[in-house]
Structures are given as C-alpha cells and as structure tokens.
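The values are calculated or read from the model by the stated rules, or taken from the named source; none is laboratory data. All values derive from a computational prediction rather than experimental measurement. In this analysis, Cβ positions are derived from the backbone assuming ideal geometry, glycine residues included, and neighbour counts consider all displayed protein chains. Calculation scope for accessible area: heavy atoms of the full protein, side chains included, ligands and nucleic acids excluded. Shrake-Rupley method; radii C 1.70, N 1.55, O 1.52, S 1.80 Å.
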Amino acid sequence: KAALEWYPARLVHAARMNGASPFKAWTSVQLPLCLPTFFSAAMLIFMDTVGDYGMSSTITAVYSFPTLPYTIYSAICSSPVRFDMAGVLSLYLVVMIVIAMILQFYVMGRKRFDFLGTGTEQVMPKKAGPAVTGLLSVITGVFSLIALGIPIGSNFIMSFSDSFSIERFRFTLANYQNVLQPDGTLLAGVKNSLSLAAVAAVIGLMIGLAVAYILTYSQFKLKRLIDMLTLIAMAVPGVVLGIGYIFVWNQKWLQPLGLNLYGKPEILILASVASAIPLINRVLVGGMSKVPQELLTASQVQGAGLFRRLRTVLLPLLHSSMVSAVLAAFGGSVFNLAITTILYPPNYSTLPVYISDAYNDLNFGYSAAATIVGGTFIVAIMLLLEVLLNLGKRKRNADYT
C-alpha cells in the first residue's frame, strides 16, 4: 500500500505516448520501481511463515506435522534439556532465511529505485468497471471466507460451547462470564501485552528510522555491516531469539551487576524491542528507497538543518510507511507467542500465553472465548491507532484538494 501511494505520472505518460498499453506501462515502469517494497514484503512473509511458532505448535499438537520452530521449542522443553539440538536447529533455520536474503539482493542488484520528483503524483483511488469489481469481490470474498471466516467462525461457535468439540455443541455463556470477570487474568494479560507492544513500537520506530536513514542516505563506511546486522537480526525467529536470551541473560556473573534479566519482565521488553526493530527498519528502508536524496540536499542548501529536513521533507513522504511499520510492530509484539512463552516471568501473563495455557489445559471453549474477546479488543485498538495516525495526512490531502 505504501509503495503504490505515489504514481510516476511523467514516466508512465512517456511510455503510453510510445505505444505501451496500460498493463505494459505498469509492468515496465511502476512494477520495477516498487521492487524494493515488494521484495521486502515477500521477505517479511517468508520469515514470518518459516519462523512461526504459534500456528505450528497448535497443528503439531493434533497432527504429526513437525516444523523447525516447534522442534526447537520441544528440544528445550524436553527432559533432559537438549540445548545442543536447539542450537543446531536454530542455525539451520537462520541459514534458510539468509539464503532467501541473498536471493533478494541478487535479484535487486545495484539499481536505483528513487522516483519521487516533479513528475510524481499522489494516487487518487478510482472505481474499476463492474466486471472487474465483481470478479475481485468474488475472489476476495472466497479467500477471506476460507482463510479467515472458517477459523474465526469455528472459534466463535466454540466459545459458546461447554464441550470439547463442535459436534457435541451445547450452548452456554459460562465461557464469556469467566473470561470477563473483573478480577480475571485476561485483563492483566491484555494490559501486559499492550504495554510490551507500545514500548516495542515506539522505541523500534525511533531506532529503525535512524538506521534506515543511515542505510539509505549516509556515506558511512560501515553501513553495509549495519545492513547485514539488521538482516541477521531479522532472520532470527522468535523461538530462536528467546533461546538466545536464556543463554545470555541467565549467567551467574550478571547477578552482582543487576543484569540477570531472566525471569523478570524487563527481558520481555528487551526481546520485544529487538524483534520489532528489524521489521520496522526494513519497512522504512523500502519507503526511503523511493525518495531521492536530491530533495534532502536541496533543503540543506537552503539552510535547513538535519531535524528540519526530516520534519519537513522526509517524514511527510514516509507517513504511510511509518504507519505501516508501527502497526506491524505493534500487532506482531502483542501476538508474539514464541518469545512470551519462552521468556515470560512467573505470575506475569500475556494474552498469547493466557490463551495458549487454556488451550493446553483442554479448555477449548474458554480459550476460544478468550481469543474472541482479546483479539477483538486488540484489533479495535489497532484500527483506532490507524485512524488517529492518519488524521494529519487526511487533513493535508483535504487542504491540497
């Protein structure tokens, strides 16, 4: 969405004047210029899928379909603990993601993708024809029904059942009554998850913006090293990151220094920030790749300092990318089951751990009710944040129109 916000009108008009069809102009002009963002999105999806622990742990509990993250988690939860096996499997997982990164670098090469200039226009949404609109609506509706409607619907039905299965459904409101108790642990888990997500999003945005600026516009000699470090950090799934934090922050010599963080809420904050920064950084790098450095140089020639250049030139052009980065980091931190399951301290529940514990105790109706209530609350907060963060942009667009 952020990549398609701006339209290279001058380049597209030139292609059309030379006989290119609308589709040919899109594939030869717009699509190549958006490659950094598209590849970043594909990389995020690949990393999120191959390193996902929550989905794989749930499915593996019912079907024999082991995945690397779940096998790593099982290695440290077995008796005796197999840290050696967890370390080797974590290395395999990181190597898989590094290979995907190398492929991305090879495809993109050293091309330039900055196109914002005098011939660029902000995209104004237009209605498609009835046939196209109907076809897209049918495809989107069917996909949403299969991918989202069925699992969410089954959770919703199960939340009203006092049985272990939908086949023996017996209607009851007891699950929601237990979940919504004022002194229940759900509210405490939601509060803790929101606190972790807010800290991760704010700190991650500040650090990610600085790192993305250095990687895109700075002549710093070691910026390639910084880029590789952020990519390596991004390649570490939550379950691997959690195990690494156990290795590092559970040392006896850290206790006299007050840095023995294992078993304390601070380690969750540190892990949430660490997992959010690479995500925010890659989203912002994709957004900055379309902003020419000449715009910042021109404002610098006119006497604008660094912070003024950021405030008046770069940040307005990165508004959509920043909103996407913050919401992605916020949502990912709230529902990060791997990190919170491995590192959460005693008597410090989070929303994913709360739901997972109820599921593992075979309280399916109760866990489904907690999922519906907690998930609805978190999604509502994210939608409200998106509206609030886009208020200034809508006002500027209205003034411009």
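For the reader, a short list of remarks on this structure follows.
- Cβ-derived FRET efficiency at R0 25 Å, Phe65 paired with Asn250, nearest 0.05: 0.20
- Under 19 Å from the Met206 label point (7 Å along Cα→beta-carbon), backbone N, segment 243-283: 266-282
- Rounded to the nearest 10 Å², the accessible area of Thr312 at probe 1.4 Å: 70
- Gyration tensor (alpha-carbon) shape descriptor, segment 245-401, a/c threshold 1.5: oblate
- Of the peptides 129-140, 37-48, 373-384, the ranking by mean beta-carbon count within 10 Å, highest at the top, reads 37-48, 373-384, 129-140.
- With the simple model of a label 7 Å out from the Cα in the direction of the Cβ, Met85 to Asn390 spans 4.7 nm.
- Taken per residue, the accessible surface of the chain reaches 58 Å², heavy atoms only and a 1.4 Å probe.
- Answer label for Rg/Rh (Cα atoms, Kirkwood Rh) (calculated), chosen among (i) 1.00; (ii) 1.03; (iii) 1.28: (i)
- Length available on full extension from Lys223 to Ser74: 0.36 nm per residue minus the Cα-Cα distance, which gives 49.9 nm.
- Cα gyration tensor, segment 150-284 - rounded (a/c under 1.5), prolate or oblate: prolate
- Label point distance in nm, Val107-Ser154, each placed 7 Å from Cα along Cα→Cβ: 3.2
- Solvent-accessible area of the chain (1.4 angstrom probe, protein heavy atoms only): carbon and sulfur portion equals 68 percent.
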